[in-house]
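A short write-up of the structure that comes next.
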């Protein structure tokens, strides 16, 4: 078993990079959606940006002299280092973890992560991000994808690589569940909602989970709330479905678990396995509003429990 200090740094590097990637995509999609909903909803700014801040457990940012409500939210979520949950803060934390264990990374991995950090620190890029966040968000997403591509291609797929994957996929599962939880009310109103608005909302959910094109290939026709929810929760082969993510966590746990104890006898593995099984055999009747709310709440609680159990078993801090 590798040193817990190294495992901790690799695990959290994976989590912070995934967190930054998902938040950058959420901001970009919300920025576009706000324009689409302008003139359709009474107050799209409050409707979308306040909801996004709440989903990430962020309070409304203090507006600077020349800032609009939107630019303040974008600055707070993307470039404000004082916000420990911002994109730049997450990339900085991932970089600090990587720097502490550089000997466990391949040199190209460190170079790419370091380059990403300094690209996002560019004053000109940060300045434009408060009004037009597309470039900043795209730099973040492509940088994280490139880092993981280099990681997969240059790092031995041993315990260290699997700790990165556990952090990455556990964080992704959590964010998919939270994205769906934020939209449960849309299912509750169901047919009472206007179809164009509902379609825009659920298309945005897919884009925030990097799933729009994949969903369209499998589901010809209009975007349906129940289909979207089922796809993001249960698809076994799509990398941004909850079931796929947790299956990856379980596979990595199999590698890093103590060979002296069967996998099924470790508490993190039992917890992940139960959740994967429930998603595998999910009854579609549970995808209606009341049942879905219970499912998402339970699943989020279990993801939190999995993180805590991993910390206890592998001394991850």
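The values are calculated or read from the model by the stated rules, or taken from the named source; none is laboratory data. None of the values given here were measured: they were computed from a predicted structure. In this analysis, Cβ positions are derived from the backbone assuming ideal geometry, glycine residues included, and neighbour counts consider all displayed protein chains.
Tabulated data for the structure shown
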item: Scan of the range 57-111 for residues that are assigned to a helix (DSSP H, G or I) and under 16 Å from residue 161 (Cβ atoms), ordered by number; result: 94, 97, 98, 102, 103, 104, 107, 108, 109, 110
item: Only listed residue being modelled with pLDDT of 95 or more and assigned by TED's automatic domain parsing to the domain that holds residue 309, chosen from 210, 225; result: 210
item: Residue within the range 158-176 that is exposed (fewer than 15 other Cβ atoms within 10 Å of the Cβ) and farther than 16 Å from residue 29 by Cβ present; result: yes
item: So residue 185, is it part of a helix (DSSP H, G or I) and at pLDDT below 95; result: yes
item: Members of the range 130-160 found to be assigned to a helix (DSSP H, G or I), more than 15 Å from the chain's Cα centre (by Cα) and without any contact (Cβ under 8 Å) to a residue 12 or more places away in the chain, listed by number; result: 135, 149, 152, 153
item: Filter result for residue 166 (in the same structural domain as residue 307 (by TED's automatic domain parsing) and touching a helix residue (DSSP H, G or I) at 6+ places or on another chain (Cβ under 7 Å)); result: yes
item: Candidate set: the range 119-132, residues that are crowded, with 22+ Cβ neighbours inside 10 Å and modelled with pLDDT under 95; chosen: the one nearest to residue 22 (Cα to Cα); result: 129
item: Count of residues meeting criterion [surrounded by 21 or more Cβ atoms within 10 Å (Cβ to Cβ) and within 18 Å of residue 15 (Cβ to Cβ)] in the range 71-88; result: 4
item: Subset of the range 243-298 (residues that are out of contact with any helix residue (DSSP H, G or I) (no Cβ under 9 Å at 6 or more places or on another chain) and either at pLDDT 95 or above or part of a helix (DSSP H, G or I) (or both)); result: 265, 277
item: Condition met for residue 139 (under 30 Å from residue 61 (Cβ atoms) and either surrounded by fewer than 18 Cβ atoms within 10 Å (Cβ to Cβ) or in the same structural domain as residue 295 (by TED's automatic domain parsing) (or both)); result: no
item: All positions within the range 47-56 that are outside any loop (DSSP other than H, G, I, E, B) and farther than 13 Å from residue 30 by Cα; result: 54
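Residue by residue, here is whether (1) outside the structural domain of residue 203 (by TED's automatic domain parsing); (2) under 26 Å from residue 184 (Cβ atoms); (3) modelled with pLDDT of 95 or more; (4) within 16 Å of the chain's Cα centre (by Cα) holds:
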site	(1), (2), (3), (4)
7	yes, no, no, no
16	yes, no, yes, yes
21	yes, yes, yes, yes
25	yes, yes, yes, yes
34	yes, yes, no, no
38	yes, yes, no, no
44	yes, yes, no, no
71	yes, no, no, no
87	yes, yes, yes, yes
